[in-house]
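To keep things clear, I will list the structure first and then write my remarks on it.
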Amino acid sequence: MSQEFDILVVGSGIAGLSFALKVALGGANVAILTKKNQAESNTNYAQGGIAAVTSASDDLEMHVSDTLQAGDGLCDENVVREIIHDGPACIQELIDLGVDFTRLGDGRQSLGREGGHSKRRILHVKDMTGKAIEEALLAAIADHPRITVYEHFFAIDFLTVKKLWKRGLLPGEEADRIIGLYALNVHTDEVETFSAHAVMLASGGVGQVYQYTTNPSIATGDGIAMAYRCGLEIHNLEFVQFHPTALYSQTGERFLITEALRGEGAILRNLSGEAFMEKYDDRNDLAPRDIVARAIDQEMKKSGARHVWLDATDIAASELRDRFPNIYSVCLRNGIDITKDPIPVVPAAHYLCGGVASDISARTALPGFYVCGEVACTGLHGANRLASNSLLEAVVMAHRGALSVLEYLRKRCPSHISLPLWVENDLQDSDERVILLHNQDELKRTLWDYVGIVRSTNRLKRARTRIRNLQSEIQEYYWNFKVDATLLELRNMILVASLIVECALQRKESRGLHYTLDYSKQLSAATDSCVRK
Ligand code: FAD
Ligand code: SIN
């Protein structure tokens, strides 16, 4: 027996929660499945804030122009305009839900500045914006009569009409559409079946495929892998954004040091103390991220240093403690007093600009299947996301997606189809399972070494060969062993890694975040890369 809902939402970050709230208010019965506890998401760690035009001295067209410039010729201008125009209203909704964006002494919003923005326009809650948004959204959905949250439910794969035809479980004349999914109940180790008329995939990013990342452990690209296995188009995966400034530590952890710190005057220095960004871009330390990350990479390679410094010591100590309390205390725990000491920083994998192709209403090519947030590729970010445009895109697209899913349900309201139960493999071998962790390490190192900030065709091909070996091993495990979260995540990470490499090999130019030594020039026509099963 499967559990039946109108809509299934995969993910409980800003995108999934905002969407669920809206469709529930519209009368739909919704289940949110989330693979860990409900707050665990990239959203929860967002620091700098959310970009939107909210002050009289700013202008929507300037935000549009900054976004297009950062995106390096690959943004969809119409999408950029629509999302940026919807921003202020969505910000007001967050405020109405209780997100208490930081204000100045005179009551006006405190607006931060980050790389690539020509104006101060980042609304923030000190340096813990994501946590404040996540808490407000979780409070809004708590005890909602039409929302059920399934924590520790790991979505494995979607069910579609076509999959059932192929197994001879449905006659061929029904049109293809989404009909449900399988999810592993992590507490009972049982795979359960969920049936629905529509699905919103809001499963976030992929940072964990890299050895060094700012992303928490949930960011394993499950949604991209599931959508790919459903036959959907995946675009622009080569555009992995490396955040220039993560705290360097010998353990390999990469705590983010927000770009807003540079917005308030912190500067990057090499180990000789030279403020090097002026050599690379007129905007110095506030150039877009692709440029700053490459400059740091070059400085580190030139000198053999393990990090560069981020120097915030010219900012008043009281301001640093008040505006960046989380960074101040995390650094202090690591023996760095940011009011007196420079911070050792390095780039780390941070954000996926590409994703599952969707239109401006969050629709994909498969009826009933919608995507929003970091997992989606709408055309907003192009080849390089402008800082703090991600939370903005997620909240706007959740709103637009809610309108279009409610419309879909009103028009079609198809009946539930009886879904086949999961077929279990129950081979267990704990010794073999250790190998999964080794394979995960190998994958992460391969991506870091060969598919990083500076690429070449040779390195990409080397990565492809290694990933193919890992892929054949994981397939064997998947078909022979009882599934658990580690196995499922690794299977998805390997698939997503292979798709990143394929997209990177398709792009015969350097553009935005994709910089390759073999094609230093840009092609005159900018096109999306695309992979599809
Ligand atoms: P997420 O918030 O990542 O949520 C994804 C959800 O899906 C999680 O609940 C996860 O558990 C769930 N999930 C994933 N796979 C499965 C599965 N198989 N089954 C069930 N559930 C699953 N952006 C900005 O605009 N401004 C910022 O200041 C900013 N700061 C950042 C700081 C850090 C440290 C990081 C990591 C990112 C930051 N970003 C920022 C990026 C931004 O936070 C994310 O892009 C955004 O929060 C993504 O939201 P989302 O809802 O799409 O995904
Ligand atoms: C940051 O605070 O520097 C991260 C902002 C973002 O990823 O948009």
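Distance between the C-alpha centers of region 356-371 and region 453-489? Whole Å please. First find each Cα centre; the distance between them is then 27 Å. Among the trypsin sites (Lys or Arg not before Pro) in region 83-123, those located in a DSSP loop and surrounded by at most 14 other Cβ atoms within 10 Å of their own Cβ are R108. Sorted ascending by nearby beta carbons within 10 Å, beginning with the fewest, M493, M300, M128 become M300, M128, M493. Were the residues from W479 through A142 laid out at 0.36 nm apart, the gain over their Cα-Cα distance would be 117.5 nm. Shown in residue order for region 233-242 are the 3J(HN,Hα) couplings computed by the Karplus curve 6.51 cos²θ - 1.76 cosθ + 1.60 at θ = phi - 60°: 6, 10, 10, 6, 5, 5, 8, 8, 8, 9 Hz (x for Gly and Pro). Within the same chain, lysines fewer than 8 places from K301 are excluded, and of the rest, those with a Cα less than 20 Å from its Cα are K279. When the helices of the chain are scored as -39500 (n - 2.57) per DSSP H run of n ≥ 4 and the total is divided over every residue, the value at 222 nm lands at -12000 deg cm²/dmol. On full extension, the segment bounded by I95 and E442 gains 120.5 nm, given 0.36 nm per residue less the C-alpha separation. Once C-alpha pairs closer than 8 Å and six or more residues apart are averaged by separation and normalised to the residue number of the chain, the relative contact order reads 22 percent.
Summing +1 for each Lys or Arg and -1 for each Asp or Glu among the other residues whose beta-carbon sits under 15 angstrom from that of A142 gives -3. If you plug the beta carbon distance of E432 and H85 into 1/(1 + (r/R0)^6) with R0 = 51 Å, you get a FRET efficiency near 0.45. Would you mind counting up the charge near H243? Only other residues with Cβ under 13 Å from its Cβ, with Lys and Arg at +1 and Asp and Glu at -1. Around H243, the charge tally is +1.
Length available on full extension from N469 to E77: 0.36 nm per residue minus the Cα-Cα distance, which gives 137.1 nm. In whole angstrom, note down how far apart the Cα centers of region 388-449 and region 268-330 are. So the two Cα centres are separated by 35 Å.
List the relative contact order of region 1-159 as a percent without decimals, with contacts defined as Cα pairs under 8 Å and 6+ residues apart.
The normalised contact order for region 1-159 reaches 36 percent.
Taking the dipole about the Cα centre of region 345-496, with the C-beta of Lys and Arg at +1 and of Asp and Glu at -1, give me whichever of S361, A402, N439 is farthest to the positive side. Result: S361. The trypsin sites (Lys or Arg not before Pro) of region 274-323 meeting both criteria, a DSSP state outside H, G, I, E and B (loop) and at most 13 other C-beta atoms within 10 angstrom of the site's C-beta, are R306.
Backbone amide hydrogens, once placed in the peptide plane, bring K482 within less than 5 Å of L427, excluding anything fewer than 5 places away on its chain. Counting neighbouring beta carbons within 10 Å and listing from fewest to most, the residues C353, C372 come out as C353, C372. Sequentially through region 213-226, phi angles give Karplus couplings (6.51, -1.76, 1.60; θ = phi - 60°) of 8, 7, 7, x, 5, 6, 7, 10, x, 4, x, 4, 5, 5 Hz, Gly and Pro residues having no value and appearing as x. How many nm separate the modelled label positions at K411 and A56, each set 7 Å beyond the Cα in the direction of the Cβ? Each label point lies 7 Å from its Cα, and together they span 4.4 nm. Footprinting exposure proxy ranking of E238, E151, E407, fewest other C-beta atoms within 10 angstrom first, gives E407, E151, E238. Placing +1 on the Cβ of every Lys and Arg and -1 on the Cβ of every Asp and Glu, with no other charges, gives region 344-426 a dipole of roughly 400 debye about its Cα centre. The relative contact order of region 436-500 comes to 38 percent, based on Cα pairs under 8 Å that sit 6 or more residues apart. Of the cross-linked pairs K35/K131; K35/K411; K162/K533; K22/K411, those separated by over 20 Å at the C-alpha level are K35/K411. Taking 18 Å as the straight-line reach from the Cα of K444, the lysines in range (excluding those fewer than 8 positions away in the same chain) are K461.
Coordinate-derived values only; no laboratory data. Since we're looking at a predicted model, the values are computed, not measured. Glycine also receives a Cβ, built like all others from the backbone with ideal geometry; neighbour counts cover every protein chain displayed.
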